[in-house]
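First the structure, in the form of structure tokens, and then the observations on it.
The values are calculated or read from the model by the stated rules, or taken from the named source; none is laboratory data. The model shown is predicted, which means the values in this text are computed figures rather than measured ones. Reconstructed Cβ throughout: ideal geometry from the backbone, glycine too, with neighbour counts over all protein chains shown. Side chains included, ligands, DNA and RNA excluded: accessible areas come from the protein's heavy atoms. Shrake-Rupley method; radii C 1.70, N 1.55, O 1.52, S 1.80 Å.
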Amino acid sequence: MTKLLLTLHVLAAVLAVGPVAVAASMFPPALRQAAGPPGDAGALASLRTLHRVCRVYSGVGIAVPVFGFATAAALGVMGDPWLIASIVLTVAAAAVLMVLILPAQDEALDAAEEAERAPKPGADRRLAMLAGIFNLLWATVTVLMIVRPGSTTGA
């Protein structure tokens with residue numbers, strides 16, 4: 001059962017967090033393109049799609065901690081410091097996404113859709129920074145999951 005839970009946890013992480021990480025990183029350049037000459041329907045469509053990917057997959061991403069907690073309980077590592085650090089970093093990444101990235105994308109998308117209103121100056125740079133922070137948090141969690149102190153895998 002532990003192998004199944006671990007497999008589901010890893011698959012959920014790859015299939016849910018991966019697309020959000022990529023789409024959040026692609027959003028700022030797409031925003032710059034959409035803020036260019038008015039009437040570029042392709043740029044606006046790309047912006048909408050990237051935002052939708054971030055929104056939908058952030059909801060699907062709840063499977064990652066659900067399977068993670070089930071796996072940790074099955075392995076008996078719930079109190080291990082590396083796991084607690086991973087949980088804290090995961091909560092931080094979720095907060096960055098839900099509280100900062102998604103609302104900023106909403107606002108930038110609304111501005112891009114209105115021809116007479118441009119996105120706030122620097123919105124693309126702020127979103128790029130937030131995406132970088134989000135990705136760095138997930139990269140750190142991934143490293144903790146692989147290296148985890150006290151691992152008995154011998155790796």
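Using the Cβ-Cβ distance between Ala85 and Val10 with R0 = 22 Å, the FRET efficiency computed as 1/(1 + (r/R0)^6) comes to roughly 0.75. How far, in degrees from 0 to 90, does helix 63-75 lean away from the longest principal axis of the Cα atoms of the chain, to the nearest 10? Its long axis makes an angle of about 10 degrees.
The residues packed around Asp124, meaning those with a beta-carbon under 14 Å from its beta-carbon, carry a net charge of +3 if Lys and Arg are +1 and Asp and Glu are -1.
Can you give the calculated 222 nm mean residue ellipticity of the chain, where each DSSP H run of n ≥ 4 adds -39,500 (n - 2.57) and the sum is split over every residue, rounded to the nearest 500 deg cm²/dmol? Numbers along the way, then the final one.
Working: 7 runs with 113 residues, N = 155.
It lands at -24000 deg cm²/dmol.
Compared with the dominant principal axis of the Cα atoms in the chain, helix 102-113 is inclined by about 20°. A cut-off under 15 angstrom between Cβ atoms defines the neighbours of Ala23, and their net charge, with Lys, Arg +1 and Asp, Glu -1, is +1.
Could you give the semi-axes, largest first, of the ellipsoid that matches the chain, computed as the square roots of 5 times the alpha carbon gyration tensor eigenvalues and rounded to whole Å?
Numbers: eigenvalues 262, 39, 25 Å².
The answer is 36, 14, 11 Å, longest axis first.
If one takes the longest principal axis of the Cα atoms in the chain, at what angle in degrees, from 0 to 90 and to the nearest 10, does the Cα axis of helix 2-12 lie? Long axis of 2-12 versus the principal axis of the chain: about 10 degrees.
Each of Leu102, Tyr57, Pro149 was placed along the dipole of the chain (beta-carbon charges, centred on the mean Cα), and the one lying farthest toward the positive end is Pro149.
Net charge of the neighbourhood of Cys54, taken over other residues with C-beta under 13 Å away and scored Lys/Arg +1, Asp/Glu -1, is +2. Stretched out straight at 0.36 nm per residue, the stretch from Ala95 to Arg55 would grow longer than its current Cα-Cα span by 13.1 nm. Each residue was assigned an accessible area with a 1.4 Å probe, and for Met98 the value is about 100 Å².
If I compute solvent accessible area with a 1.4 Å probe over the protein chains, what percent of it on the chain is carbon and sulfur? Carbon plus sulfur share of accessible area: 71 percent. Put His51, His9 in order of accessible area, highest first, and with a 1.4 Å probe you get His9, His51.
Protein heavy-atom accessible surface, 1.4 Å probe, per residue over the chain: 56 Å².
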